[in-house]
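Q: Below is the structure I would like to discuss, written out as structure tokens.
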Amino acid sequence: MPAPTTHLMAIPAALVPHIVLPRLELLSEARTRGAECVWGGERLTIETAIDLGKHTDDGFNWFPRACRRCTKAAVRAARDAHPGRCTECRGPADLCDARCALHDLLLELRR
Ligand SMILES: [Zn+2]
Ligand SMILES: [Zn+2]
């Protein structure tokens, strides 16, 4: 057996709802089943794929995955857009747990 990979990563379940995905009906079959990056269409391997959690649209369950570069961009966008629509964030000096978690996730993706 090969050694377990240390690169496999998943977006924490609590943060999945913050990440904006492309609309399901616009995606190819390969992207909906996680064979290709849901944003950029890059071919994914077990070493490069980042798990974006389970999503349900009209009763259809799908499990998108993405490459690190696109995930980083999506997490950055989620982090930057967050305080404007969050009722718990009270300004730059008093950000909620979700906002802090998004920031930590972004730092982790930069490694
Ligand atoms: Zn990508
Ligand atoms: Zn917030």
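The values are calculated or read from the model by the stated rules, or taken from the named source; none is laboratory data. Please read all numbers here as calculations on a predicted model, not as lab measurements. With ideal geometry, Cβ positions are generated from the backbone for all residues, glycine too; neighbour counts draw on all protein chains shown. For the accessible areas, the whole protein counts, side chains as well, though only heavy atoms, and no ligand, DNA or RNA atoms are used. Shrake-Rupley method; radii C 1.70, N 1.55, O 1.52, S 1.80 Å.
Q: Of all the residues that make up the range 61-101, how many are within 16 Å of ligand 1 (Cβ to nearest atom) and among the polar types (S, T, N, Q)?
A: Counting residues in the range 61-101 that are within 16 Å of ligand 1 (Cβ to nearest atom) and among the polar types (S, T, N, Q) gives 1.
Q: Looking at the range 81-95 only, could you name the residues that are surrounded by fewer than 11 Cβ atoms within 10 Å (Cβ to Cβ), outside any helix (DSSP H, G or I) and among the charged types (D, E, K, R)?
A: The one that is surrounded by fewer than 11 Cβ atoms within 10 Å (Cβ to Cβ), outside any helix (DSSP H, G or I) and among the charged types (D, E, K, R): D94.
Q: I'd like to know if the range 69-80 contains one or more residues that are at pLDDT below 95, outside any loop (DSSP other than H, G, I, E, B) and open to solvent by 30 Å² or more (accessible area, probe 1.4 Å).
A: No: zero hits.
Q: Which one of these does E47 not meet: (1) within 16 Å of ligand 1 (Cβ to nearest atom); (2) open to solvent by less than 80 Å² (accessible area, probe 1.4 Å)?
A: Only one criterion is unmet by E47, namely (2).
Q: Restricted to the range 30-49, and to residues that are in contact (Cβ under 8 Å) with a residue 40 or more places away in the chain and of a type in the set (A, V, I, L, M), which residue is nearest to ligand 2 (Cβ to nearest atom)?
A: Restricting to residues being in contact (Cβ under 8 Å) with a residue 40 or more places away in the chain and of a type in the set (A, V, I, L, M), the top hit is A49.
Q: Among residues belonging to the range 34-44 that are open to solvent by less than 60 Å² (accessible area, probe 1.4 Å) and over 12 Å from L21 (Cα atoms), point out the one that is nearest to the chain's Cα centre (by Cα).
A: G34
Q: Now for a different question. Within the bounds of the range 97-109, is there any residue that is of a type outside the set (S, T, Y) and outside any helix (DSSP H, G or I)?
A: The answer is no, given that none of the residues of the range 97-109 is of a type outside the set (S, T, Y) and outside any helix (DSSP H, G or I).
Q: Kindly indicate whether V38 is assigned to a loop (DSSP other than H, G, I, E, B), modelled with pLDDT of 95 or more and within 16 Å of ligand 1 (Cβ to nearest atom).
A: Yes: the conditions hold for V38.
Q: Taking the condition more than 16 Å from ligand 1 (Cβ to nearest atom), in a helix (DSSP H, G or I) and open to solvent by 60 Å² or more (accessible area, probe 1.4 Å), does P17 pass?
A: yes
Q: Can I ask one more? Taking the conditions exactly as written (open to solvent by 60 Å² or more (accessible area, probe 1.4 Å) and within 16 Å of ligand 2 (Cβ to nearest atom)), does A98 satisfy them or not?
A: When the stated conditions are applied, A98 does not pass them.
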